[in-house]
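Structure record follows, encoded as structure tokens.
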Ligand SMILES: Nc1ncnc2c1ncn2[C@@H]1O[C@H](COP(=O)(O)OP(=O)(O)OP(=O)(O)O)[C@@H](O)[C@H]1O
Ligand SMILES: [Mg+2]
């Protein structure tokens, strides 16, 4: 089935988030908080695009995307914290002083420079994804085993980050930042700026993913999902393709995490616990896997719903999410986008009948 | 000889699935392998294309060892496989199935920056025409009929342009007319490729077996000869009798 790409969706999407929302804020109708909240959702959507590439298109259920997301966040957080510490004249971040550490741990050193921070925020997740992927894909681990092992990896990292000895703030995480490149993070215009940057990055990520999935490379990914063994008899090196897309997905998660941090002001290991990793996959499942628009819409919608639900009925969010998930799995496995497409088709059968048989 | 196989054996859980003393194939030869169910025919092709690892034995293709190589390396050597159970990519269109199969560089960067060329489009179109797939080019491969899937998988192998084609039960699930067409196609392909075909349908075997037919029984090579020789061999008749394939009798 070839669905024509309707530019209307893109125009609508950009009109709402790049014009309407900022305009609403400028005119005082929308609070800067709302802007910031949506800015954070964009970061989730960027990570969701990565999940769609690795899971929706390639069929590899990776449960460690939340970990890559956190790596990006932690990297930026370390930089911001060091900047703040320097500004206040202290030698070490507070939590280190409390832990009776005297010199800055070696792995914190490069985060004093913003350039190094950016580089490491991308390099570290990419390298970990490469190493983990190399081992897992080489040993032909797939399906549910892949999900279990990546989940275990996330769990191990979560436990590691929880420990005070890791020197990353333990359970409390890293928080209390003041400035980014000299800009005051609490100022409204900086928040709007971060919102716009996140939105731009989301659009860029979408465009990049679109190019990937519509290239022959993307078709190989789908072929791997459909029949991994068959594609290797056609001389495609499955491991190379899986590794490449796993690294790309990790990078997208990391970019999301990097942009997320200055907008939320805190990162704790809670962002990568089991619940968080499962939730990220659910965004894509609910939005529609194997569909880039679905991933974006899923991430935005679920998080929006989350914020609505937690204020209305605080305790029932997980039940609602679980219920939605079950419904999706049972009745419309292509998620929200699949549902929308089938409704659209039902309405247009008859009028489009002639164009449905390509010659 | 293009393909030389010696003392090839494999067993699954103690059961000898294949125990082949010798097998060889000339360049541009079309060889048919027949044998009752479970004779090890598919297993033989599985070993050649790297799907199953042999316990022992050697396979030389163009003088180079095949055993121990990966599926990709074997495909790159010029061996293409059509499986018994049609295996195509159900979530891709017929056209994309063919595009992925077509012979070209297949590393990640070549795929990422791949630009379709007119020559390639022509080639895909030509193969699709030969296998009556032009009318379903933009249909999902998963929605095709069983016979069409068989043809699509043959088309995939043809587009890979291998030196040696391993074709497992191409006519299964096809009408008489389609079977005949498939036979004609295989004969035509054998002018430019070496082909091993596994088949149960004796009428089909008679159509395509211009040279040797190999009979496998319980993993062993029972005999090798022309179709007429095989058909009239008492041992062959004996092992087909009492089985589902009483077809030899009727011929
Ligand atoms: N992966 C496997 N694991 C265990 N046993 C197997 C495996 N593959 C094949 N066998 C067994 O090996 C024997 C040979 O099987 P094979 O598929 O090669 O037979 P065949 O000649 O192709 O039969 P058919 O005509 O039914 O396709 C059978 O007894 C089968 O059950
Ligand atoms: Mg078989």
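Evaluate peptide B:89-98: per residue, the Cβ atoms of other protein chains within 10 Å of its Cβ; return the mean as an integer.
Numbers: counts 11, 4, 9, 7, 4, 0, 1, 6, 5, 0.
Mean partner shielding for this stretch: 5.
Where in region A:85-121 is the amide nitrogen less than 20 Å from a point lying 7 Å along the Cα-to-Cβ axis of residue A:197?
The answer is A:85-87, A:110-121, whose backbone nitrogens lie closer than 20 Å to the label point.
Before anything else, pin down the relative contact order of chain A: Cα pairs under 8 Å, at least 6 apart, normalised by residue count, whole percent.
Values: 483 pairs, mean separation 115.9, N = 359.
Once divided by the residue count of chain A, the mean separation gives 32 percent.
So what is Rg over Rh here for region A:78-179, counting just Cα atoms and using Kirkwood for Rh? Walk me through the intermediate numbers first.
On the way: Rg = 16.8 Å, Rh = 15.7 Å.
Radius of gyration relative to Kirkwood radius: 1.07.
Please tell me the relative contact order of region A:187-328 in percent, rounded to the nearest whole number, where contacts are Cα pairs under 8 Å and at least six residues apart. The partial results should precede the final answer.
Working: 59 pairs, mean separation 22.8, N = 142.
Averaging sequence separation for qualifying contacts and normalising by length gives 16 percent for region A:187-328.
Rounded, prolate or oblate for region A:90-248? Axes are the square roots of the Cα gyration tensor eigenvalues, ordered a ≥ b ≥ c, and the cut-off for rounded is a/c under 1.5.
Working: a/c = 2.92, a/b = 1.60, b/c = 1.82.
Here region A:90-248 falls in the oblate category.
Averaging the inverse of every distinct alpha carbon separation and then flipping it gives the Kirkwood radius. What is it for region B:117-251, in angstrom units? Each step should come with its number before you reach the end.
Working: mean 1/r = 0.0609 Å⁻¹.
Computed over Cα pairs of region B:117-251, the Kirkwood hydrodynamic radius comes out at 16.4 Å.
Please compute the volume of the convex hull spanned by the alpha-carbon atoms of region A:54-103 and report it per residue in Å³.
Output value, Cα hull per residue: 92 Å³.
So if R0 is 25 Å, what FRET efficiency would residue B:180 and residue B:146 give, r being the distance between their Cβ atoms, rounded to the nearest 0.05? Please list the in-between numbers first.
On the way: r = 17 Å, r/R0 = 0.68.
With R0 = 25 Å, the Cβ-Cβ based efficiency is 0.90.
Taking springs between alpha-carbon atoms closer than 10 angstrom, which of A:142, A:242, A:293 fluctuates most in the Gaussian network model of chain A?
The residue with the greatest mean-square fluctuation here is A:142.
Share of antiparallel DSSP beta bridges in the protein assembly as shown, in percent to the nearest 5? Present the calculation step by step, with values, prior to reporting the outcome.
Numbers: 26 of 42 bridges.
Rounded to the nearest five, the antiparallel share is 60 percent.
Given C-alpha coordinates of region B:3-250, what is the ratio Rg to Rh with the Kirkwood estimate of Rh?
0.97
Just checking the output field for A:221-227: average partner chain Cβ neighbours within 10 Å of each residue's Cβ? Kindly include the intermediate steps, with their values, before the conclusion.
Details: counts 1, 6, 9, 1, 3, 9, 7.
If you average over the peptide's residues, the count of other-chain Cβ atoms is 5.
Rounded if a/c is under 1.5, else prolate if a/b is larger than b/c, else oblate: which is region A:10-145, with a ≥ b ≥ c the root eigenvalues of its Cα gyration tensor? Display every interim value, and only then the final one.
Details: a/c = 2.77, a/b = 1.03, b/c = 2.68.
Verdict is oblate for region A:10-145.
Could you tell me the ratio Rg/Rh of region B:59-202? Both radii from Cα atoms, Rh via Kirkwood. Walk me through the numbers on the way to the answer.
Details: Rg = 15.2 Å, Rh = 15.9 Å.
Rounded to two decimals, Rg over Rh is 0.96.
Can you put A:346, B:123, B:81 in order of Cβ neighbours within 10 angstrom, beginning with the fewest? Before the final figure, lay out each step's value.
Numbers: A:346 9, B:123 17, B:81 28.
Listed from fewest to most nearby Cβ atoms, that is A:346, B:123, B:81.
What shape does region A:7-349 have by the C-alpha gyration tensor, where a ≥ b ≥ c are the square roots of the eigenvalues, rounded means a/c under 1.5, and otherwise prolate means a/b greater than b/c and oblate the rest?
On the way: a/c = 1.79, a/b = 1.25, b/c = 1.43.
Here region A:7-349 falls in the oblate category.
Please check: in the Gaussian network model of chain B (C-alpha springs, under 10 Å), which one of B:115, B:82, B:181 has the largest mean-square fluctuation.
B:115
Using a Gaussian network model on chain A with a 10 Å cutoff between Cα atoms, which of A:193, A:115, A:28 fluctuates the most?
Its mean-square fluctuation being the largest, the pick is A:28.
For region B:2-49, what mean projected area does the convex hull of the alpha carbons give, in nm²? Don't jump to the answer; show the numbers that get you there.
Numbers: hull surface 14.5 nm².
Its average projected convex-hull area is 3.6 nm².
Rounded to whole Å and sorted largest first, list the principal axis extents of the Cα atoms in the protein assembly as shown.
Extents along the principal axes: 97, 63, 46 Å.
Any idea what the relative contact order of region B:3-250 is, in percent, if you count C-alpha pairs under 8 Å spaced at least 6 apart? Mind showing how you got there, number by number?
Values: 438 pairs, mean separation 67.6, N = 248.
Once normalised by length, the contact order is 27 percent.
For residue B:1 and residue B:135, what does the FRET efficiency come to when R0 = 30 Å and r is the distance between their Cβ atoms, rounded to the nearest 0.05?
Values: r = 41 Å, r/R0 = 1.37.
Once rounded, the FRET efficiency stands at 0.15.
Could you put B:1, A:63 in order, starting from the residue whose Cβ has the fewest other Cβ atoms within 10 Å? Write out the running numbers ahead of the final one.
On the way: B:1 13, A:63 23.
Least crowded to most crowded, the residues run B:1, A:63.
Please find the FRET efficiency linking residue A:123 to residue A:90, where r is the Cβ-Cβ separation and R0 is fixed at 25 Å, and quote it to the nearest 0.05.
Working: r = 28 Å, r/R0 = 1.13.
Efficiency at R0 = 25 Å is approximately 0.35.
What full-extension length gain, to one decimal in nm, is calculated for residue A:31 and residue A:317 as 0.36 nm per residue of separation minus the Cα-Cα distance?
Numbers: separation 286, 0.36 × 286 = 102.96 nm, distance 2.42 nm.
My answer for the length gained is 100.5 nm.
Expressed as a whole number of Å, what is the distance separating the alpha-carbon centroids of region B:131-168 and region A:42-77?
Region A:42-77 and region B:131-168 have Cα centres separated by 36 Å.
No value in this document is a laboratory result; all are computed from the given coordinates. Not measured: the values here are computed from a predicted model. Quick reminder, even Gly has a Cβ in these numbers, built from the backbone with ideal geometry, and neighbours come from all protein chains shown.
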